[in-house]
Amino acid sequence: MLFQSFPFSNGKTAKNRFFKSAMEEQLAHQNQPTMSLVQLYDTWAKGGAGILVTGNVMVAENGKGSINDVVLTDERSLPTLQQWAKAGTQNDTLLIMQINHAGKQSPKVLSPTPVAPSEVALQGMDGFINPPRALTEVEIDTLIQQFATTAKIAEKSGFSGVQIHAAHGYLISQFLSPHHNRRQDKWGGCLENRMRFLVDIYHAIRAVVQPDFLVGLKLNSADFQKGGFDETDSLQVVQKMAELGIDFIEISGGNYENPEMLSVKDSTRKREAFFLDYAEKARAICPVPLIITGGFRSESAMNEALQSGHLDFIGIARPFALQPDLPNKIKNQSYQTCLTPRIKTGVTMLDRKLGAVLEMDWYMAQMALIGQGKQPNLKLSPWKVLFKTLWENGKAGLSTGRA
Ligand SMILES: Cc1cc2nc3c(=O)[nH]c(=O)nc-3n(C[C@H](O)[C@H](O)[C@H](O)COP(=O)(O)O)c2cc1C
């Protein structure tokens, strides 16, 4: 099944069921795309995945999650974007740009006062992230148009589609959450209001792109937070977005406060396929193309998940940073299960505090190697990565985690 093609209703076809999920590459220079990104996607496209999703590309200057994010607000980098799109769509690959705004999950060196639906501070981020201020309604309208502008530039550059990032605690996910969104106007309160920001972004994008341009979504199954966005809310968002005609929905979970998407718990890791139960429920309510991401490592788990009929694509992130040609390897039967190591310094206090941050920085370092035309390095020292991150962020004043 993994190598069966998948026809989207808008006419585009994925050649197989491997969906390389978004991983923030941190390979921009002055927030513009670089040749390292071109090289990285050239390698991935040659590696055989049906769909490649880029790391999050930010739609506004005040929406950065990290220092070296790509920010796409105008066409100044069109030639590099076109090279990026050409590299990532070779070999019949669909290349999707993930578009995002970090909202309050923006470190304080980048956003001294980050924006959010409401003035609710993140827990446990003191020193890294400042409390946010609430967006005005005029600013909300501007942001919706900024998502559409970025999508239009992606289309013009030759990308196959965009994925709206509504997961992992970023701005759209903040709007969806009753914990983070305490607004009393039409953007807060009942789910219909909390969803309005996402729905309006979707309509604004559709209004400016061609019908065969894919528009997908990444959504949390839940935030795993008391009083937050839960599974009941999430399934209703799936249903609504499916009714509106979204081309695909990728399911993940968690945010900076609860990084479930990386599943730091060993028990969850062992089970593979973190969000399979949710997919079964989503499939029961609507036929939208579904992807679940998180934990897939063995070929048998990927096959079993597809055979369950609850999903259409296998979302995979970290293994692609270690084995960029994972689909080709499975095809020619040379794949050994990709064991993604727990990244630890060995200093308990540091590992507890940095957890997901260190893990992500280590995988970013692997992508940087591929972007230089080198092989990933499983022996790469977490300490080396940590020092590099601290050095680079130190110039700007801090280090932070993101996903
Ligand atoms: C280095 C790194 C960067 C990530 N950046 C993003 C991102 O930009 N957008 C996103 O939706 N998820 C991001 N994620 C989360 C992954 O897409 C995925 O949900 C998560 O890693 C679980 O999948 P896996 O077990 O296959 O790695 C990132 C993960 C890692 C390790």
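Among 54-60, 24-30, how do they line up by average Cβ neighbours within 10 Å per residue, starting with the highest? Walk me through the numbers before you get to the answer.
Values: 54-60: 26.3, 24-30: 20.1.
Answer by packing, highest mean first, reads 54-60, 24-30.
Which of rounded, prolate or oblate describes the range 6-340 when judged by the alpha-carbon gyration tensor and an a/c cut-off of 1.5? Please report the intermediate quantities before stating the final value.
Details: a/c = 1.43, a/b = 1.22, b/c = 1.18.
Rounded, since a/c falls under 1.5.
If every alpha-carbon in the range 189-245 counts as one equal scatterer, what log10 I(q)/I(0) does Debye give at q = 0.14, 0.18 1/Å?
Log-scaled intensity ratios, in q order: -0.42, -0.66.
Counting only residues 5 or more places away or on other chains, whose amide H sits under 5 Å from the amide H of GLU24 once H atoms are built in the peptide plane?
ASN56
Considering only DSSP beta bridges whose two residues both sit in the chain, what percent are antiparallel, to the nearest 5?
Working: 3 of 38 bridges.
Antiparallel bridges: around 10 percent, rounded to the nearest 5.
Taking 22 Å as R0, compute the FRET efficiency from the Cβ-Cβ separation of LEU78 and THR13 and round it to 0.05.
Numbers: r = 27 Å, r/R0 = 1.21.
Step by step, r from the Cβ atoms, then E = 0.25.
Could you tell me the relative contact order of the chain? Use alpha-carbon pairs under 8 Å, at least six residues apart, and round to a whole percent.
Details: 851 pairs, mean separation 67.5, N = 403.
About 17 percent, as a whole number.
With both partners inside the range 1-117, how many of the DSSP beta bridges are antiparallel, as a percent to the nearest 5?
Numbers: 3 of 12 bridges.
Among the beta bridges of the range 1-117, antiparallel pairing accounts for roughly 25 percent.
Report the charge-dipole magnitude of the chain in Debye, nearest 20, computed about the Cα centre from +1 at each Lys and Arg Cβ and -1 at each Asp and Glu Cβ.
Numbers: 42 positive and 39 negative charges, 200 e Å.
So the dipole magnitude of the chain works out to roughly 960 debye.
For the pairs LYS331/LYS379; LYS64/LYS281; LYS15/LYS86; LYS20/LYS374, flag any whose C-alpha to C-alpha distance is greater than 23 Å. Before the final figure, lay out the partial values.
Details: LYS331/LYS379 26 Å; LYS64/LYS281 33 Å; LYS15/LYS86 17 Å; LYS20/LYS374 20 Å.
Where the Cα-Cα span goes over 23 Å, the pairs concerned are LYS331/LYS379; LYS64/LYS281.
Using Cα-Cα distances under 8 Å and only pairs 6 or more residues apart, what relative contact order does the range 31-158 have, in percent?
28
Relative to the present Cα-Cα distance, how much length would full extension add between THR348 and GLN32 at 0.36 nm per residue of separation? Mind showing how you got there, number by number?
Working: separation 316, 0.36 × 316 = 113.76 nm, distance 3.68 nm.
Full extension of this stretch gives 110.1 nm more.
Given that compact globular proteins tend to follow 2.2 N^0.38 Å, what is the ratio of the alpha-carbon Rg of the range 164-276 to that value?
My calculation over the Cα atoms of the range 164-276 gives 1.09.
Calculate for the chain the 222 nm mean residue ellipticity that helices alone would give, adding -39,500 (n - 2.57) per DSSP H run of length 4 or more and normalising by residue count, nearest 500 deg cm²/dmol. Intermediate results must be reported in sequence, preceding the final value.
Values: 14 runs with 157 residues, N = 403.
Result for the chain: -12000 deg cm²/dmol, rounded to the nearest 500.
From the Cα gyration tensor of the range 210-347, with a ≥ b ≥ c the square roots of its eigenvalues, which class applies: rounded if a/c is under 1.5, or else prolate if a/b is larger than b/c, or else oblate?
Details: a/c = 1.91, a/b = 1.23, b/c = 1.55.
Oblate shape, in that a/c is at least 1.5 and b/c is the bigger or equal ratio.
Since every read-out is calculated from the coordinates, none of them should be taken as a lab result. Source: prediction; values computed, not measured. Note that each Cβ is placed from the backbone with ideal geometry, even for glycine, and that neighbours are counted across all protein chains shown.
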